[in-house]
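The values are calculated or read from the model by the stated rules, or taken from the named source; none is laboratory data. These numbers come from a predicted model, not from an experiment. Glycine also receives a Cβ, built like all others from the backbone with ideal geometry; neighbour counts cover every protein chain displayed. When the accessible area is computed, the model is the full protein with side chains, heavy atoms only, and any ligands, DNA or RNA have been set aside. Shrake-Rupley method; radii C 1.70, N 1.55, O 1.52, S 1.80 Å.
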Amino acid sequence: MKTIPLARPDITQREIDAVVEVLQTPNLSLGPKLPEFERAFAEYCGTRYAVACNSGTSALHMLMIAAGVGPGDEVIVTPFSFIASANCVLFERGTPVFADVDPDTWNIDPKLVEARITDRTKAIIPVDVFGQPADFDPILAAARAGGRSIVMIEDSCEATGATYKGKSAGAIADAGVFGFYPNKQLTTGEGGMIVTDRRDWADSARSVRNQGRDAGGGWLAHARLGYNFRISDISCALGIVQLERIDEITAARLRVAEMYFERLAGEPRLIHQKVIDGATVSWFVFVVRLSDEYSREDRDGILTQLRERGVGCSNYFAPIHLQPFYVERFGFKRGDFPVCETLADRTMALPFHAHLTEREIDTVCTTLKSLL
Ligand SMILES: *Cc1c(COP(=O)(O)O)cnc(C)c1O
């Protein structure tokens, strides 16, 4: 039996040619494709600067450094995300402070963010979960209220192509972060990007990604503690073509999402993420939530049976605060963030990529409905 894959990158001959072209030059890293990719990406998002690196996780880490997050600083994050959204705070010895999500949008709840702000809050990292922008305006208002200067970093790793009130995802807060793993809308194999209007943050990230070297300094001159977070020119060449094709890719993904909606319409046992006013979604994954009558065990059983019938699928996400090292370190337990837990127990990612066929979607939806 052939399995319908959960995700698949959208690679054409143009990407292959672009990669081969780089391989025929001596510039496999720190060559001309890096600034070309960064310029194109900054222009796409409408920001002054873009800094490319080897992963979305590294991009988040570099922004924690740029923002000066350190021991004693609190950073407000969502428990319903990929682990890196909170781990980046731990990398710099800060304290992640979780605020629960909204039951309908599945994104961090602005009212709960406000309630968790203290004198030690240094930053807030809203995540655009599954390609839908978080509701930034009320969070920004809370971050600025009473003369506060809390920095806002957007984890837009899942949202290349999404918009919030006319702005590109990533360009809404002080800085945004993208990830280019092969399941993302735009892939470079591995890769990430920071976008920002802040020159000091862009300069900091360019240095940190390259072993703490300063622009114009020598190869063995290290002005600060840095890492090797560089991205190769091979990956950048791939990213440049993917970015040229991004409208085509996101449009194809939207068509697939619409085909799913048609086939799952009127099924009250399947709940979809609510899109907020003023936002447009860029489809990253197709996640449905089972209604409350189902338990986590029921959901896991359905996932197992879907896989046995050749449908690639997964739970999505597992609550970050319940990962074993968060439990051990901070004493979190079930019940701490109930909206996130109820949601995480019941969400399922179905096969989703730009080239899913109508027949495959029929198979997925018929199989899923028969298991409900
Ligand atoms: C993909 C992703 C990242 C970054 O992942 P990398 O694998 O490090 O590129 C960060 N946050 C979220 C929410 C993501 O989905």
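Please state the shape class of segment 145-264: rounded when a/c is under 1.5, otherwise prolate if a/b exceeds b/c and oblate if not, all from the C-alpha gyration tensor. Numbers along the way, then the final one.
Details: a/c = 3.07, a/b = 1.49, b/c = 2.05.
Verdict is oblate for segment 145-264.
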Query - Protein-only accessible surface order, largest first, of F178, F91 at 1.4 Å - result: F91, F178
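What does the helix-only formula give at 222 nm for the chain: each DSSP H stretch with n ≥ 4 adding -39500 (n - 2.57), the total divided by the residues, and the result rounded to the nearest 500 deg cm²/dmol?
One gets -11500 deg cm²/dmol as the mean residue ellipticity at 222 nm.
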Query - Length-normalised contact order for segment 246-371 - Cα pairs under 8 Å, 6+ apart - percent - result: 35 percent
**Report entry** Relative contact order of the chain, defined on C-alpha pairs under 8 angstrom at six or more residues apart (%)
**Finding:** 23 percent
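Tally up the carbon and sulfur contribution to the accessible surface of segment 246-371 as a whole percent, 1.4 Å probe, everything protein left in place.
Accessible surface attributable to carbon and sulfur in segment 246-371 totals 50 percent.
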Report summary line: Row for segment 49-112, column shape: gyration tensor on C-alpha, a ≥ b ≥ c, rounded if a/c < 1.5 i.e. under 1.5, prolate if a/b over b/c, else oblate; value oblate
Report task. Arrange the peptides 189-199, 110-120 so that the one whose residues have, on average, the most other Cβ atoms within 10 Å appears first. Result -> 189-199, 110-120
Report summary line: Semi-axes a, b, c in Å (a largest) for the chain, each sqrt of 5 times a Cα gyration tensor eigenvalue, come to 33, 27, 18
Query raised in the report: Quick one: which of 1-8, 305-312 comes out on top by average Cβ neighbours within 10 Å, and what's the full order, highest first?
Result: 305-312, 1-8
Query raised in the report: aspartates and glutamates near K33 by alpha-carbon distance under 19 Å, same-chain residues fewer than 8 away left out - which ones?
Result: E15, D17, E21, E43, E190, D203, D233, E244
Query raised in the report: Which residue, D203, D135, D233, tops the fluctuation ranking in a GNM of the chain built on C-alpha contacts under 10 Å?
Result: D203
Query raised in the report: Which of the lysines could be linked to K165 by a straight reach, that is with a Cα gap under 20 Å, when you skip same-chain ones fewer than 8 residues away?
Result: K111, K274
Query raised in the report: What are the lysines whose alpha-carbon lies under 21 Å from the alpha-carbon of K2, with same-chain residues fewer than 8 places away excluded?
Result: K369
Query raised in the report: Roughly how many Å is it from the Cα centre of segment 159-204 to that of segment 113-155, as a whole number?
Result: 17 Å
Requested in this report: Set the Förster radius R0 to 35 Å, insert the Cβ-Cβ distance between V275 and R93 as r into 1/(1 + (r/R0)^6), and round the FRET efficiency to 0.05.
Outcome: 0.45
Query raised in the report: With a ≥ b ≥ c the root eigenvalues of the C-alpha gyration tensor of segment 246-371, is it rounded (a/c under 1.5), prolate (a/b larger than b/c) or oblate?
Result: prolate
